[in-house]
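The values are calculated or read from the model by the stated rules, or taken from the named source; none is laboratory data. These numbers were taken from a predicted model, which means no experiment stands behind them. Positions of Cβ are generated from backbone atoms using ideal geometry, with glycine treated the same way; all protein chains shown enter the neighbour counts.
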Amino acid sequence: MGAATPKPSAPEHSLPSLAEELAQLLTEQNNPATWDIDLAETERILELISAEDHKVAPAVARELPAIAQAVERIVDAFQRGGRLIYVGAGTSGRLGILDAAECPPTFGTAPELVQAIIAGGPEAVFQAQEGAEDRREDGAAAIAARMVCERDVVCGIAASARTPFVIGALEEAHRRGATTILVTTNPRQQVQQMEIARYSHILICPEVGPEVIAGSTRMKSGTAQKLVLNMLTTAAMIRLGKTYHNIMVDLRPTNLKLRERAKRILMLLANVDYATAEHVLHEASWDTKVALLMLLGQLPAEQARELLARHQGRIRQALLCHVQQPQQ
């Protein structure tokens with residue numbers, strides 16, 4: 001790669017307040033490991049990126065206690081008729097939209113259960129609306145427009161922990177009595193001193209270090225945020241009985257691919273053939289969980305449906321009630 005060039009030191013003159021603030025954030029720092037990346041050949045560039053990416057999962061793992069606390073709040077909110085609402089700008093906002101959009105087809109949830117707000121509105125999903133993140137009042141207005149209340153959980157996603165749109169949203173959600181969560185990739189000790197911490201009941205702070213390209217938080221920070229959001233919704237859905245063993249059984253077979261998946265689920269979990277799986281799904285009006293309980297418990301559709309309703313959709317508890325012995 002050639003001789004390393006010296007990294008310039010920060011200028012001694014005073015900086016404007018925002019510049020000073022950004023200069024203190026770990027997410028904005030220069031990464032010494034990749035200082036000469038512009039001199040590297042392609043394979044070496046990829047090695048450097050990969051080496052940094054390997055730091056992400058351990059950083060998320062260190063935040064499991066905070067993530068678990070957030071999951072418990074989300075489960076409680078869902079059980080009380082509340083919602084999970086993500087709020088972010090740029091990459092963070094798009095990650096929230098992605099996670100929210102995947103919940104209905106994956107877990108059979110109503111689209112309203114997990115929602116996402118992005119600074120700049122729907123247009124910002126496909127084209128950057130850079131100035132939108134600076135409008136704090138827009139974040140508050142978006143929360144008010146969703147009529148957020150004490151039953152809801154609002155999760156702000158902001159690598160820097162200083163995005164005005166997200167601060168405004170969390171402040172308004174906090175004022176309305178909602179549980180508020182912040183997912184950021186700056187150190188917890190630093191974030192606790194920032195304004196946004198006042199409006200966040202739970203801080204999730206995987207510290208991934210400076211980015212491969214300084215300030216490009218779509219990289220390690222974005223990866224860490226995606227992992228955390230995966231955990232929040234997946235763990236919550238498991239706790240709500242959306243899976244049986246490790247199979248997602250609460251899917252809605254709304255197209256041919258999902259109908260075939262529903263049949264395969266029954267074939268695997270109930271040890272039946274293809275024709276039987278299809279027949280029982282028809283009897284269950286294509287409700288996969290009802291069909292599975294019909295097969296496992298040898299029940300008619302209406303009794304299976306009633307048992308599931310009585311046990312909040314949890315197949316294991318419904319079976320236990322039916323046969324009076326634990327299922328392996």
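Some notes on this structure:
- Failed item in (1) closer than 29 Å to residue 65 by Cβ; (2) touching a Lys or Arg at 6+ places or on another chain (Cβ under 7 Å), with residue 170 passing the rest: (2)
- Test result for residue 215, at pLDDT below 95, at positive phi and either under 18 Å from the mean Cα position of the chain (by Cα) or assigned to a loop (DSSP other than H, G, I, E, B) (or both): yes
- Pick from the stretch 242-258, criterion part of a loop (DSSP other than H, G, I, E, B) and without any contact (Cβ under 8 Å) to a residue 40 or more places away in the chain, ranking: farthest from residue 312 (Cα to Cα): 255
- Members of the stretch 111-139 that are loosely packed, with under 15 Cβ neighbours inside 10 Å and in contact with a Pro (Cβ under 7 Å, 6 or more places away or on another chain): 111, 134
Results for (1) within 23 Å of residue 104 (Cα to Cα); (2) in contact with an Asp or Glu (Cβ under 7 Å, 6 or more places away or on another chain); (3) at pLDDT 95 or above; (4) among the aliphatic types (A, V, I, L, M), shown as yes or no for each residue.
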| site | (1), (2), (3), (4) |
| --- | --- |
| 268 | yes, no, yes, yes |
| 275 | no, no, yes, yes |
| 279 | no, no, yes, no |
| 291 | yes, no, yes, yes |
| 309 | yes, no, no, yes |
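- Any hit, the stretch 175-190, residues being surrounded by fewer than 21 Cβ atoms within 10 Å (Cβ to Cβ) and small (Gly, Ala, Ser): yes
- Note on the stretch 36-83: residues that are farther than 15 Å from residue 239 by Cα, among the aliphatic types (A, V, I, L, M) and touching a strand residue (DSSP E or B) at 6+ places or on another chain (Cβ under 8 Å) total 1.
- Of the listed requirements (1) at pLDDT 95 or above; (2) outside any helix (DSSP H, G or I); (3) over 27 Å from residue 85 (Cα atoms), residue 207 misses just one: (3).
- Applying the criterion of at least 3 residues that are within 28 Å of residue 286 (Cα to Cα), under 11 Å from the mean Cα position of the chain (by Cα) and in contact (Cβ under 8 Å) with a residue 24 or more places away in the chain to the helices (runs of 4 or more DSSP H) found wholly in the stretch 48-126 leaves 90-107.
- Residue 64 surrounded by fewer than 15 Cβ atoms within 10 Å (Cβ to Cβ), over 29 Å from residue 129 (Cα atoms), at pLDDT 95 or above and not basic (Lys, Arg): yes
- Note on the stretch 206-216: among residues that are touching a residue at least 24 places away in the same chain (Cβ under 8 Å) and surrounded by fewer than 23 Cβ atoms within 10 Å (Cβ to Cβ), the one that is nearest to residue 49 (Cα to Cα) is 212.
- Residue count for the stretch 273-314, restricted to those that are outside any helix (DSSP H, G or I), among the small types (Gly, Ala, Ser) and surrounded by 14 or more Cβ atoms within 10 Å (Cβ to Cβ): 2
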